[in-house]
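First up is the structure itself, then whatever we jot down about it.
The values are calculated or read from the model by the stated rules, or taken from the named source; none is laboratory data. It should be emphasised that the depicted structure is a prediction, and the values quoted were computed from it without experimental measurement. Glycine gets a Cβ as well: all are built from the backbone with ideal geometry, and neighbour counts include every protein chain shown. For the accessible areas, the whole protein counts, side chains as well, though only heavy atoms, and no ligand, DNA or RNA atoms are used. Shrake-Rupley method; radii C 1.70, N 1.55, O 1.52, S 1.80 Å.
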Amino acid sequence: MSSAIQQRLTGERPRARVIIIGAGFAGLSAAQRLGKLAVDVTLLDRKNHHTFQPLLYQVALAVLSPGDIAQPIRSIVRNNSNTEVVMDEVLGIDTVKRRVHIKSGVEMIYDYLILATGSTHSYFGKSEWAAIAPGLKTVEDATEIRRRVLLAFELAERQMLETGSHPPLQFVVIGGGPTGVELAGAISDIARLYMTRDFRHIDTKTAKVLILEGSPHVLAAYPPDLQKSAVRQLNKLGVTVRTSAHVTDVQPGYVMVGDERVDSCCTLWAAGVQASPLGKLLAQTPGVELDKRGCVIVNQYLNPKNLPEVFVCGDLAHVEQDGKQVPGVAQPAMQMGDYAGRRIGLLVADSDKAARMKPFRYFDKGDMATIGRKAAVARVVWPFKANLSGFIAWMMWMFVHIYFLVGFRNRLSVFRSWAFTYIQLQDGVRLIVGSQTLPGWDELAQPATTTQNDVQI
Ligand SMILES: Cc1cc2nc3c(=O)[nH]c(=O)nc-3n(C[C@H](O)[C@H](O)[C@H](O)COP(=O)(O)OP(=O)(O)OC[C@H]3O[C@@H](n4cnc5c(N)ncnc54)[C@H](O)[C@@H]3O)c2cc1C
């Protein structure tokens, strides 16, 4: 029996034990910092891999493979000899006894806890919409979206063969934030650029993509000039953007915008985000408060009220800075994780220094969202200030994403895939795995509404 397991069973703890829940951007960043310190670290995640979420839409739209953007957690922290990885789901946190309960039944004791379980989709109380309009958060979501989008083209081709017509290929993306814009642009790209020579009976270029955004603007967090530029670039790619369009129902084959029915062969959800449910578990501790999205309200040291040994980081944390909430994106998550790791290091080693440690401050370098091939917007704050759009923003987006990808092999393989896809307009990972049914297709297909006379069988 290893000494670590023996110590665990006997309750002896020669060094402080830090449990990190969640190996996303925040959790990994904390783990890398703590890996160099004199503490014992347990990194807990319900998946065995870290997912680079900013490139998930490229898996969903068949540009990249899941393996290009995901990396086994064990291999990432392999060189941190003080770190163990446990793949399990956390079901409960006892902040009085300082224990974490995991699904397998084990209870794990901590001296310090970092909670970084991120966020999840919100269907605004209409959870039944999830089966019809999948959202994008995990590799599984991405492969399901890929299945549906590609299947729509396959079913159209098959129906052309059978009947000489097919329903309009209209893809509806609900939500015009960065994920909605990326998904819409990428569907348009595959239909207009990458698949045009693959089908004999349908014209993939006739596919339409529609973004339905409830607020008056897409990319709400971006400055107005970049919002307008994004719409222009989307329109150029053939994507229609409808703003102030409130979706009232989502059904197989269509969505309702008020009283208007909008046909959809494939509906995707990019509209709402809510904090991971673990925030609610923590809020069972008296004094711990949540905001309206379920994020845990923390102080400037990232501690929830009354819990100086607990740190909440990343999307799950509600941190205020200069009167505004720090955004739920990757950079703040990494910076919070690193800060929590450093702070724990000081608390363990030198309480005087810990008392003098400056509060967390998010260093905003800017944001960028890609819209399609050669199309993007970027709000750059560091190392220079500029609002960029089009090709330059797109190049910048590519380099930044390659740079931040976890793992050298992934960087190389993403670079190679992009070269094939964007320069040669070919290849891609257009695999349909799983079921061959598409919600709503049969309803849309009866009666068929689009015809094409020159069917060649
Ligand atoms: C499609 C998409 C595109 C995005 N694009 C961008 C972008 O271009 N730029 C950008 O800056 N940000 C982007 N973001 C946001 C960014 O990815 C998040 O802000 C970031 O991932 C948050 O990091 P995190 O560590 O808080 O959570 P996450 O990275 O979500 O990690 C949470 C981890 O916790 C684990 N977990 C959750 N619950 C449990 C549990 N009960 N037990 C055990 N483990 C659990 C999960 O498996 C996961 O590994 C995007 C997000 C999405 C979904």
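Put simply, the amide H of Lys208, placed in the peptide plane, has neighbours under 5 Å in Leu169, Gln170, Phe171, leaving out anything fewer than 5 places away on its chain. Of the accessible area of the chain, with the probe set at 1.4 angstrom, what percent is carbon plus sulfur? Here carbon and sulfur together make up 53 percent of the probe-accessible area.
The residue list Gly22, Leu91, Gln233 was ranked by how far each Cα lies along the charge dipole of the chain toward its positive end, using unit charges on Cβ atoms, and Gly22 comes out on top. Counting only DSSP beta bridges with both residues in the chain, the antiparallel share comes to about 55 percent. For helix 330-349, report the angle its Cα long axis makes with the longest principal axis of the Cα atoms of the chain; keep it between 0 and 90° and round to the nearest 10°. In the chain, helix 330-349 runs at an angle near 10 degrees to the longest axis. Separation of the range 177-212 from the range 337-406 is 31 Å, based on Cα centroids. Its relative contact order, with pairs defined as Cα atoms under 8 Å and 6+ residues apart, puts the range 179-251 at 37 percent.
Remark: the chain carries 46 Å² of accessible area per residue (probe radius 1.4 Å; ligands, DNA and RNA excluded). With respect to the chain, whose longest principal axis is taken over its alpha-carbon atoms, helix 25-34 is tilted by about 30°.
Checking the a/c ratio against 1.5 first, then a/b against b/c, what shape does the Cα gyration tensor give for the range 323-440? Taking the square roots of the gyration eigenvalues as a ≥ b ≥ c, the range 323-440 is prolate.
Ordering Val273, Pro359, Gly434 by Cα displacement along the dipole of the chain toward the positive end leaves Pro359 in first place; charges were set at the Cβ atoms of Lys, Arg (+1) and Asp, Glu (-1).
Charges were assigned to the Cβ only: +1 to each Lys and Arg, -1 to each Asp and Glu. The resulting dipole of the chain about its Cα centre is roughly 1420 debye.
Taking the longest Cα principal axis of the chain as reference, the axis of helix 178-189 is set at about 40 degrees. Our summary gives the chain a relative contact order of 20 percent, counting only alpha carbon pairs under 8 angstrom and 6 or more residues apart.
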